[in-house]
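Everything on this sheet refers to the single structure shown next.
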Number of protein chains: 4
Amino acid sequence: MWRREQLLDAALRVFADKGVDGATVKDVAQAAEVTPGLLYRYFDSKEAMVETLLAERGFLPRLRELRSQARDSRPAVVVLTELLAEFDRLLADNAELMAVFFSAAQARAPLATLAAEGRRLIGDFLIERVAAGELRPHDTATAARTLFAAVAVNRRLGTPIDVAALVGLLFPEEG
Amino acid sequence: MWRREQLLDAALRVFADKGVDGATVKDVAQAAEVTPGLLYRYFDSKEAMVETLLAERGFLPRLRELRSQARDSRPAVVVLTELLAEFDRLLADNAELMAVFFSAAQARAPLATLAAEGRRLIGDFLIERVAAGELRPHDTATAARTLFAAVAVNRRLGTPIDVAALVGLLFPEEG
Amino acid sequence: MWRREQLLDAALRVFADKGVDGATVKDVAQAAEVTPGLLYRYFDSKEAMVETLLAERGFLPRLRELRSQARDSRPAVVVLTELLAEFDRLLADNAELMAVFFSAAQARAPLATLAAEGRRLIGDFLIERVAAGELRPHDTATAARTLFAAVAVNRRLGTPIDVAALVGLLFPEEG
Amino acid sequence: MWRREQLLDAALRVFADKGVDGATVKDVAQAAEVTPGLLYRYFDSKEAMVETLLAERGFLPRLRELRSQARDSRPAVVVLTELLAEFDRLLADNAELMAVFFSAAQARAPLATLAAEGRRLIGDFLIERVAAGELRPHDTATAARTLFAAVAVNRRLGTPIDVAALVGLLFPEEG
DNA sequence: GATGAATGAGATTTCATTCAT
DNA sequence: GATGAATGAAATCTCATTCAT
């Protein structure tokens, strides 16, 4: 059943390019080099294609996995830098899905969930390391959303940020 | 010719809500409490409405005006905080237009321009104040995009950031 | 708003001719000499057209009105003959709607209701006149469905029955 | 070649349930627990399935056989009652085929033929028995279509009539 | 200016039928 | 014989746009 994946690939590509509303089923079919009718053997509707993409190609699970990585015992700034770099790579790998997130009106919720999860991942890490005396006491909540935002926005804009420089900015003394 | 503005208001509201592609001309007309035909007396096409919104309701000029404000002679962190607060207010005031930016495929460019302008505004300010010895030497480019991103993303997500805390995070000693 | 009626007329004609499922929206549009899209200004869907026909063109109310006519004080066989003739005329006038009834799977219920109402109309009349000693005692329920069926089937088959002969068959002595 | 019959069984069931136009080839295939493609090894088209049903499952022959039964020498009302009961059973046994008759536009003709045949069967019987002095002289044509209609309509509506009562209604003195 | 009926083009979806396996 | 993926044609429906009033 690799045909299904092939269709999802095409849909992801086309939706990211033209937006979910802007892309037609015919567009997707042409990108997959099949006839439009075939899409309906695999998906109930265009809408269902979007939902399937979000469900099966979503990377929230992979974002959650990063939490274990945060347990790393190396110095805080090293681990934080790696964490952000991983997150940045995740976004880079899923640039098209992010584009779909942004184009699909009904995908606002997934975006918010993603952001909340990311903030928590980083925030929890900072709290731990402050408690351990490794990082200076600071507003960890604001720091978390700042770091998250800096990586996410710049990746989205196609102008990825230098993660090491970013960490150095907030925690200069530790570098 | 206030009828024109009324139509633009309705279009902005509706496009922000349903996305440009998702909204129909009829939707806009109903929101403006007129009939669809009337829209074509003021605009050539639905597409032209979007362009007009971007052109006439864009806030790039107001963002540029902030540059003069950056000349303020008060302490750097005070001015920076005010600058970011202004920028945040600008985004809050134009939340609907931002939503249109994100939904309209052809509005990707304005977004990039906006970001570049914002980064430059903040970056130039930081360079000046570092040169003046008011702020510690640091990677001003990374700082600029970080500050910009932190404000923009959180406003967009509906979870606005505490601007003073943000500045305090990057420049703790100066607070 | 006579356009609406014109479209219903066309729909009735076409649905009766080709069956609801067999007829296309395009068929109806062509019969009405408009474009298919226009139908959707007046009706939500093809399905809604059928429902509207059943609701607005149904003749159940007129069938019910016949009940007052049954109060007529003239001899039973005279009144019964007139009643059946009226009913037969009703069916003749609504031959197309009947055809739709038969073709639309979901219209089975209206048909059953129509039949029940008709049986009751005739049955009640017979009971009264038997009670009045005007008609010989007999199985009025069976008589009612027989009379109803004889008229309905033959009208439907395009071979209308002679109503007077029909009444004469069941009540020869009274003639 | 019982597979063919199995497919016809499924088709009959599905066509009766959803109407010929409303049922899809896939519906029939699923009901027969085979794949759609297989149907085309046994029938040229969906249309051909309907025609085959009408041709091979039609009960006109069995209706004609009743004619010999009409030769029965027992009293007229007894034989007539049996005749109608047989006819009623025939309809009951072929309820699904009748449903197809009613749903398929092109099956209107078979219905008319069936009705004509039924009327003639009963009509001829009545003529004979009137000639034999067994039944009172009456309009046998009207009687035939009345008896036929009463049985057919009520069977079709799912409210079968009491055949003995029906005969008693038309020929009370003979009972 | 303003209406809203009407159109035409195209989008989504369905489905009878074919065909390689 | 049997499968079921794939197609092509058509059906339902949507909607930006026009135009007579």
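The values are calculated or read from the model by the stated rules, or taken from the named source; none is laboratory data. Please read these numbers as outputs of a predicted model, since none were measured by experiment. Glycine gets a Cβ as well: all are built from the backbone with ideal geometry, and neighbour counts include every protein chain shown. Just the protein is used for accessible areas: all its heavy atoms, side chains included, with ligands, DNA and RNA removed. Shrake-Rupley method; radii C 1.70, N 1.55, O 1.52, S 1.80 Å.
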Extent along principal axes [Cα atoms of segment A:124-175; Å; largest to smallest]: 36, 20, 13
Stokes-Einstein translational diffusion, segment B:107-154 - Kirkwood Rh over all Cα pairs, 0.890 mPa s, 25 °C, in µm²/s: 219
Heavy-atom accessible surface of segment B:2-56: percent carbon and sulfur, 1.4 Å: 46
For segment B:28-129, size of Cβ-based charge dipole, Lys and Arg +1, Asp and Glu -1, in debye: 260
Simple Cβ-charge dipole of the protein assembly as shown, Lys/Arg +1 and Asp/Glu -1, about Cα centre, in debye nearest 20: 380
Cβ-placed point charges (K, R +1; D, E -1), dipole of segment A:1-67 about Cα centre in debye, nearest 20: 180
For chain C: accessible area per residue (Å², 1.4 Å): 46
Lysine pairs with alpha-carbon atoms under 17 Å apart, the protein assembly as shown, spacing 8 or more or separate chains: 14
Cα gyration tensor shape for chain B, rounded if a/c is under 1.5, else prolate or oblate: prolate
Expected 222 nm ellipticity per residue - DSSP helices of 4 or more, -39500 (n - 2.57), all of chain B, to 500: -23500 deg cm²/dmol
Interface size A-B, as summed buried accessible area [1.4 Å probe, Å², nearest 100]: 2400
Accessible surface of segment A:58-170, 1.4 Å probe, proportion on carbon and sulfur as whole %: 56
Under 14 Å, Cβ to Cβ, from residue B:118 - net charge with Lys/Arg +1 and Asp/Glu -1: +4
Debye-sum result for segment A:76-116 in log10 I(q)/I(0), which assumes one identical scatterer on each alpha carbon, at q = 0.14, 0.33 Å⁻¹: -0.39, -1.04
7 Å along Cα→Cβ, label-point gaps from residue B:165 to other copies, nm, shortest first: 2.7, 8.3, 9.6
Percent of Cα pairs exceeding the 49 Å cut-off, where the set is the protein assembly as shown: 46
Cα-based shape type of segment B:26-79, given that a ≥ b ≥ c are square roots of the gyration tensor eigenvalues and the cut on a/c is 1.5: prolate
Square roots of 5 times each gyration tensor eigenvalue, C-alpha, segment A:2-56, largest first, Å: 14, 13, 10
Of all chain D residues, the one whose C-beta is nearest the axis that brings D onto C, in angstrom: D:21, 2
Degrees, to the nearest 10: A:60-69 long Cα axis against longest axis of chain A: 20
Taking the C-alpha atoms of segment B:83-175, convex hull volume expressed per residue in Å³: 85
Other copies of residue A:127: label-to-label distances in nm, shortest first, labels 7 Å along the beta-carbon direction: 4.1, 7.8, 10.0
